[in-house]
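This report concerns only the one structure given below.
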Amino acid sequence: MPFLTTDFGNPSGAHAVSRRARKAVDEAREQVAECLGCRPFEVVFTSGGTEADNMAVLGSLDGGGGTAVCTAIEHHAVLHPVESRGGRVVAVGPDGVVDLDALSAALDEEVSVVSVMLANNEVGVVQPLEAVAAAVREAAPRARLHTDAVQAALWLDVAGLAATCDLVSVSAHKFGGPKGVGAMVVRGGTRIAPRTLGGGQERDLRSGTHNVAGIVGMAAALRATVATRNELLARISPLRDRLADELTARLPGVVETGVRGRKVAGSCHLRFAGVESEALLFLLDEAGVCASAASACASGAQAASHVLAAMGVSGDDARGSVRFSLGWTTTTAEIDHAIDVVGEAVERLRAR
Ligand code: PLP
């Protein structure tokens with residue numbers, strides 16, 4: 001709040017109010033760096049995950065030429081920039097894990113950036129970044145390795161798991177911070193071209209006046225996330241298991257997507273045979289259960305999931321898929337309510 005009221009200074013200015021804002025940004029940078037396992041000067045504040053992902057892919061291409069490579073299940077904030085520059089898209093297996101042989105086959109001296117997400121936003125599958133890094137360092141020595149850790153930061157130790165990556169994107173609203181702010185780790189020595197030119201903020205990599213309140217809020221949320229992660233995992237993991245187990249036991253024709261042990265704790269992705277997810281989501285919404293189908297897109301419309309298609313799930317099978325996301329606010333009572341509501345809604349739709 002102070003940065004929206006009394007300390008509403010521009011951190012790039014020189015007077016006292018600006019200096020207070022600058023101090024807050026500097027402190028937030030140190031805290032974010034500590035949580036993400038990098039040095040403070042390696043943190044670049046952005047407007048969110050999309051900007052960080054675009055910066056990683058397009059900034060690498062503009063800074064070093066060559067070709068971009070990513071997996072077929074990346075968020076569109078990575079996939080679209082890669083495709084827009086004629087990059088290579090690597091297959092995943094039916095479990096959603098990147099095919100390391102296909103990845104190696106897509107790599108060569110020309111590749112300047114490889115992007116493999118840490119955790120997927122639709123099905124929650126976690127990628128083996130160490131093995132990915134080994135393949136990239138061997139076959140594409142010139143490439144920057146980027147990971148989109150937007151969905152991982154709440155659940156996983158990004159500092160450890162992404163330690164081999166040159167570029168790491170996060171977004172505050174996925175771990176309880178404000179919307180419209182994020183960060184990218186750009187490890188020392190990694191050369192990328194800026195996407196936004198102007199005042200030269202953020203080591204010339206991202207010009208524009210800092211979103212001070214957003215940055216401070218993000219740092220606070222990230223610190224709280226890291227400090228309470230073990231309790232969150234211990235509480236949410238069994239709730240997710242109960243939601244999936246109860247629904248698959250209660251209803252015939254329910255398939256859980258992905259291998260549970262390879263997914264983040266808050267992700268429960270289920271496919272209900274013979275049901276249209278849009279109709280199901282409508283009934284759930286009416287009963288106070290907020291869920292989604294594929295990723296949330298700008299229009300709010302349900303687009304077919306490129307993630308499920310990449311995992312080899314047929315169109316028919318994907319049609320009844322729903323993504324239940326648990327988080328730090330999720331309670332046992334809510335899961336019990338969701339089990340009842342989903343059970344009744346699926347039975348009602350199937351009876352029609
Ligand atoms: N990457 C992943 C994996 C996401 O889930 C999202 C948003 O849902 C983004 C990137 C985009 O982040 P933002 O909404 O902060 O632009």
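Proximity of backbone amide H atoms, modeled 1.01 Å from N, is registered between V113 and T67, V69, R144 at under 5 Å, excluding neighbours fewer than 5 places apart on the same chain. Available extension along the chain between D340 and D62 is 94.9 nm, counting 0.36 nm per residue and deducting the alpha carbon span. Here the label points at S314 and L4, each 7 Å from Cα along the C-beta direction, are separated by 5.1 nm in the simple model. Suppose we look only past 19 Å in the calculated P(r) of the stretch 219-316. What percent of the Cα-Cα pairs does that tail hold? Of all Cα-Cα pairs in the stretch 219-316, 54 percent lie more than 19 Å apart.
With Cα atoms defining each centre, the stretch 86-124 and the stretch 161-227 are spaced 23 Å apart in the structure.
Scaled to the globular estimate 2.2 N^0.38 Å, the Cα spread of the chain, given as radius of gyration, is 1.03. Taking packing as the residue-averaged number of other Cβ atoms within 10 angstrom, the listed peptides 261-274, 150-163, 43-56 run from highest to lowest as 43-56, 150-163, 261-274.
Rounded to the nearest Hz, the phi-derived 3J(HN,Hα) couplings of the stretch 19-32 under the Karplus curve 6.51 cos²θ - 1.76 cosθ + 1.60 (θ = phi - 60°) are 5, 5, 5, 4, 4, 5, 5, 4, 5, 4, 4, 5, 5, 5, where x marks glycine and proline. Give me the extension gain from H80 to A303: residue separation times 0.36 nm, minus the current Cα-Cα distance, reported in nm with one decimal. Contour length minus the Cα-Cα distance gives 78.8 nm.
Surface exposure of the stretch 1-81, expressed per residue as accessible area with a 1.4 Å probe, stands at 41 Å². Basic side chains Lys and Arg get +1 at the Cβ, acidic Asp and Glu get -1 at the Cβ, and with that the dipole of the stretch 248-352 about its Cα centre reaches some 380 debye. Rounded to the nearest 20, the Cβ-based charge dipole of the chain about its Cα centre (Lys and Arg +1, Asp and Glu -1) stands at 880 debye. Between V125, V82, V255, the GNM of the chain built on Cα springs shorter than 10 angstrom shows V255 fluctuating the most. Close amide H contacts of S321 (hydrogens built in the peptide plane, cut-off under 5 Å, sequence separation of 5 or more or a different chain): F272, S277. Bridge orientation summary for the chain: considering DSSP beta bridges with both residues in this region, about 60 percent are antiparallel. One decimal place: the segment K23-C290 gains 92.2 nm when fully extended, by the rule 0.36 nm per residue minus the C-alpha distance. Model label points for R350 and A273, set 7 angstrom from Cα along the Cα-to-Cβ axis, are 0.9 nm apart.
For the chain, with all protein chains present and a 1.4 Å probe, just round the carbon and sulfur fraction of the accessible area to a whole percent. Roughly 53 percent, rounded to a whole number.
The values are calculated or read from the model by the stated rules, or taken from the named source; none is laboratory data. Just so we're clear, the structure is a prediction, and the values are computed from it rather than from any experiment. Reconstructed Cβ throughout: ideal geometry from the backbone, glycine too, with neighbour counts over all protein chains shown. We work out accessible area using only protein heavy atoms, side chains counted, and drop any ligands, DNA or RNA first. Shrake-Rupley method; radii C 1.70, N 1.55, O 1.52, S 1.80 Å.
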